[in-house]
Amino acid sequence: MAKTPDHMKMMQDMMANFPFSTSSMQDAMKSQSLLGEKLARMALTAAERSTEISARWSKDAITRIGELAAVKNEPSAYAKAMSDFASATAETAAEQMAAYAEVAKKVQMDTVDFLLTAGKDIGSDTQNPAGKATSDKSE
């Protein structure tokens, strides 16, 4: 009877003869994890700031609605209260949208800066082993 080849043994022999450094994989995973952590931290900071803006805007709107709902002595006071509410709401909306734009601008600038720095770091990390391998091979 023919004996079935032991594929597991062949794979183990092949992998034993194939030079492979797990430390480079560990370094790559660590770098990737740090990259993800920093990007997540930037996103969470932006989300926190946006939430603060939303809360402040909501609180301001509730206060103004309370003033609008208050009983007035004159009918013309209701019209004035509504006019004041509309103009204050429009002004607040412009301020809050500018605040959101600042948050978005900061996140965008931080992200671009971070990715450029990370790209340079990854490039130098890749170039060093490649240069070392080339110099080892030429010697």
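Identify, from the list GLU74, GLU37, GLU91, GLU52, the residue that is closer than 22 Å to LYS120 by Cα and acidic (Asp, Glu).
Criteria check complete, one pass: GLU37.
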Pull out all pairs, ordered by first then second residue, where Cβ-Cβ is under 8 Å, the residues are six or more apart or on different chains, the first lies in the stretch 94-110 and is open to solvent by less than 60 Å² (accessible area, probe 1.4 Å), and the second is charged (D, E, K, R). GLN96/ARG56; VAL103/ARG49
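Go over the candidates THR22, THR63, THR4 one by one and state the one that is out of contact with any Gly (no Cβ under 7 Å at 6 or more places or on another chain) and surrounded by 10 or more Cβ atoms within 10 Å (Cβ to Cβ).
Going through THR22, THR63, THR4 in turn, just one is out of contact with any Gly (no Cβ under 7 Å at 6 or more places or on another chain) and surrounded by 10 or more Cβ atoms within 10 Å (Cβ to Cβ): THR63.
The values are calculated or read from the model by the stated rules, or taken from the named source; none is laboratory data. The shown structure was predicted, so the numbers you read here are calculated from the model rather than taken from an experiment. No Cβ is skipped: glycine too gets one built from the backbone with ideal geometry, and neighbour counts run over all protein chains shown. All accessible areas refer to the heavy atoms of the entire protein, side chains included, with ligands and DNA or RNA removed. Shrake-Rupley method; radii C 1.70, N 1.55, O 1.52, S 1.80 Å.
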